[in-house]
Every structure is written in structure tokens, then in C-alpha cells.
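Below: the structure, in C-alpha cells.
The values are calculated or read from the model by the stated rules, or taken from the named source; none is laboratory data. On a predicted model such as this, the values are computed, not experimentally measured, just so you know. Here the Cβ is made from the backbone with ideal geometry for all residues, glycine too, and neighbour counts use every protein chain on show.
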Amino acid sequence: MANPLQQFVIKPLIPLNIGGYDVSFTQSSLWMGLAVLSATLLMTLSMRSKSVVPNRWQNVTEMIYEFVAGMVHEALGHEGRKYFAFVFSVFMIVLMGNMLGMIPYSFTFTSHIVVTGTLALMVFLTATLVGIFRHGLHFFTLFLPAGLPVFLAPLIILIEIVSYLSRPISLSVRLFANMVAGHTMMKVFAGFSVMMAASSGLGMAGAVLPLLINTALVGLEILIAFIQAYVFAVLTCMYLKDAIELH
Amino acid sequence: MNDKSGELARKIREAQERQRQMAAGGNDGSGERGKDEKGKALRAGTDLVAALAVGIFLGYWVDRWLDTKPWGVIFFVFVGFAAGFLNIYRSQTGQDYKVGFKPGAPDSKTGRSQGENDKTE
């Protein structure tokens, strides 16, 4: 029986070694490239006609655009226009990574903590740098709540800093864990089906049950793929909001 | 004939009424709220663990640095827990990770920040 975690193994397609580092072009790189390509093609090709009455593809693109635009506007207000491109890119790469991963025989690159961690760190550093550039050293008053008694300050500042540093970790672990858990579960149920079908008599007939569950799981996974991309983008907005507003 | 056009006029009125309500934000509120609740529930678990992990990591390095073996980790586990619960508390009360006790709306500022101070102490 195939190991349900086998699907997450990185396989190099074009082995490369530069300066002692393994920088092979792997199937993960391939699917990342495909995610960028498919997102770009979806956006450009569907908007080519720019009709007032949209066709289906244009409708999809407009829906995604308005969804993210609404999210950014809600969190950041008018000020958020500058950051729309950033949030939109983050949303699209995560969404495409999750959704392409739902295609059989494909690879879900968002199921690797390296990928989600890099994305989360990028978001975290962007938000922090935006805050520092906008507010200078005043940015660090973020860690000092207003009206705090002096004798509590050392403890609270410590807690606030730990809370702030935990952001990229929870952001990356959430996406990665959801993807790994979902895809493992689907594989396990698929494995049940195969094992039961290989047996004889009643087991063979029962093989259809895990298949039914798996059908439902695929639907659930598509929902989770979208929700996780949404959560990732919303939190990006929230972090940017903290950095911009500060008060 | 007359009956039909009357029905059509009624339908148009109803549709216009619905549109007005949607523009006023009656529909908007409930939809956005539902989405938000789902997101919040999904966030809570990792928030606690992540803050705890940061706490243990910091404690470990403080121990290595100051040579104070178990105490750094012991202290920072508690700090990490506090930060984790702070994360959850903030996301559940709709402050969404705002570091520092600064609720968005200026009019509720005093009331809300008071309550939060009490809770975190």
C-alpha cells in the first residue's frame, strides 16, 4: 500500500548543483511556475475582450478582483489602494497553489512549510518595513499599549513582542498544516478503497464506501483551499493595517 | 393584460426595494460576518501554538546566552502562553491581532481599552 505521505516527497526533474547547493528544478518548482502562469493567463486572456457584459471567464476574473479589492478596502480603507497589488499577488499564488493541488497527479506546493514560511516571512517583513518607513522609530510604540502602568511595562512589552513574532509562524503553519492534513486524509481514504477492492466478497462491494467519503472530502478540500487563501490574504491585510494605522 | 402589467410593476418595485436594501448594506453585514467567523475559528488553534513555540525558542536562546538553563525556558513558556491567549482574545473580540490595546473606533476607545487591560493583567 502506498504511503499517504509519499505524495509530499520532492522529486527533482532537472538536477542542478550550484556552489554546493542543491538548486534542482523540482516538481514543486514546476507547479509554482504553473500557478504563476495559470494566474497570469487567467487574468490577461479573460480580460482581453473587456466587454461591458462579461462572458464566463471575464466574470471569474472580475469576481476574484472585486473579492480581493473589497477585502483590502475593508481592512485598509482608501489608503489600502497602494497595497492592493501585493495582497492580490499573495492571494493568487496561494489560491492557485491550493487549487492546482486538487488536480489528480499534481503537486501541492503549499503543503511545504518552506514555501508557506517564505510567503509568511515576506508578508511579515513587508508589514514591518512599511510600519518602520511610515512611522520611523515611533513604530515600536506598537508594543507599548497606551495607558499602561509603568511597573507592568517590561512584562507586557515582552508578551507583545512574542505575540508579534508569532505571526509569521501561525500564518505559515496554518496553511501548511491544512494542506498536509487534507491531502493525507484523501490519500488514506483512497487507500482504504484500494485495499477493500483487492479483498474478496463483501469487502469488494464495500470499497465503494470510502470512495463516497472521498468524493465528499474532495469538495471539502476545495472549500478549504479557498478559505485558506482567503485567510492568508485577510491576515496580510490585518498586518499591513497595524503597520499603517498605528495611532 | 392590465392584470399582467400590474404584476410586472409590482415585481419591479420589489426588485428595486431589494436593491436599495443591498446598497444600504443590509445584506453586506451578514455575509461578511459569516465569513469572518469561519476564518476566526480556523485561526485560533495555530495562534496559541505559534506563540508558545516562539516563547520556547526565545527561552532556549536566552538560556544558551546567559547560561541560566531551565529558567529561561520556564519563564518564556509562560510568556508564550500569555501571548498565545492574547492572540486568541484579540482575534475573537474582533481586534484582529492589533498589537497594543487600540480598538479601531475612536468612540469606543476608552471603554474597550479599559476592559482589555483588566483581562490581560
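Miscellaneous remarks
- Residue-level analysis places B:ASP67 outside the set of residues that are modelled with pLDDT of 85 or more, touching a Lys or Arg at 6+ places or on another chain (Cβ under 6 Å) and not aromatic (Phe, Trp, Tyr).
The rows are residues; the columns are (1) away from chain B (no Cβ under 14 Å); (2) surrounded by 14 or more Cβ atoms within 10 Å (Cβ to Cβ); (3) within 30 Å of A:PHE143 (Cα to Cα).
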{"residue": "A:SER172", "(1), (2), (3)": "no, yes, yes"}
{"residue": "A:MET179", "(1), (2), (3)": "no, yes, no"}
{"residue": "A:GLY182", "(1), (2), (3)": "no, yes, no"}
{"residue": "A:LYS187", "(1), (2), (3)": "yes, yes, no"}
{"residue": "A:SER193", "(1), (2), (3)": "yes, yes, no"}
{"residue": "A:GLY201", "(1), (2), (3)": "yes, no, no"}
{"residue": "A:LEU209", "(1), (2), (3)": "yes, no, no"}
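- Remark: A:PHE107 falls outside the filter, which requires a residue to be of a type in the set (A, V, I, L, M, F, W, C) and assigned to a helix (DSSP H, G or I).
- For A:ALA229, the test of being touching a Phe, Trp or Tyr at 6+ places or on another chain (Cβ under 7 Å), within 14 Å of another protein chain (Cβ to nearest Cβ) and either under 30 Å from A:PHE86 (Cα atoms) or at pLDDT 90 or above (or both) is passed.
- Residues that are more than 9 Å from chain A (Cβ to nearest Cβ) and either among the polar types (S, T, N, Q) or surrounded by 19 or more Cβ atoms within 10 Å (Cβ to Cβ) (or both) within the stretch B:51-67 comprise just one, B:GLY59.
- Scanning the stretch A:9-25 for residues that are closer than 24 Å to A:GLY101 by Cβ and part of a strand (DSSP E or B) yields A:PRO12, A:LEU13, A:ILE14, A:ASP22, A:PHE25.
- Test: A:ILE161 is crowded, with 22+ Cβ neighbours inside 10 Å, under 31 Å from the mean Cα position of the chain (by Cα) and within 14 Å of chain B (Cβ to nearest Cβ): no
- Candidate set: the stretch A:89-104, residues that are of a type outside the set (A, V, I, L, M) and either outside any helix (DSSP H, G or I) or free of Cβ contacts under 8 Å to residues at least 40 places away in the same chain (or both); chosen: the one surrounded by the most Cβ atoms within 10 Å (Cβ to Cβ): A:GLY101
- Selection within the stretch A:106-145 - within 16 Å of B:LEU86 (Cα to Cα), touching a residue at least 40 places away in the same chain (Cβ under 8 Å) and either surrounded by fewer than 16 Cβ atoms within 10 Å (Cβ to Cβ) or β-branched (Val, Ile, Thr) (or both): none
- Count of the stretch A:178-199 residues which are assigned to a helix (DSSP H, G or I) and out of contact with any helix residue (DSSP H, G or I) (no Cβ under 7 Å at 6 or more places or on another chain): 7
For every residue, the table says whether it meets (1) at pLDDT below 90; (2) not in a helix (DSSP H, G or I).
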position: B:LYS11; (1), (2): yes, no
position: B:ALA51; (1), (2): no, no
position: B:PHE76; (1), (2): no, no
position: B:ASN87; (1), (2): yes, no
position: B:GLY104; (1), (2): yes, yes
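- Within the span defined as the stretch A:123-133, every residue fails to be more than 30 Å from A:MET96 (Cβ to Cβ), of a type in the set (Val, Ile, Thr) and at the interface with chain B (Cβ under 10 Å from one of its Cβ atoms).
- Any pair with Cβ under 8 angstrom, 6 or more apart, that starts in the stretch B:46-69 at a residue that is closer than 24 Å to A:ILE113 by Cβ and ends at one that is of a type in the set (Lys, Arg) and not in a loop (DSSP other than H, G, I, E, B): B:THR46/A:ARG174; B:ALA50/A:ARG167
- The residue of the stretch A:1-22 that is surrounded by the most Cβ atoms within 10 Å (Cβ to Cβ), among those that are of a type in the set (A, V, I, L, M, F, W, C) and under 23 Å from the mean Cα position of the chain (by Cα), is A:PHE8.
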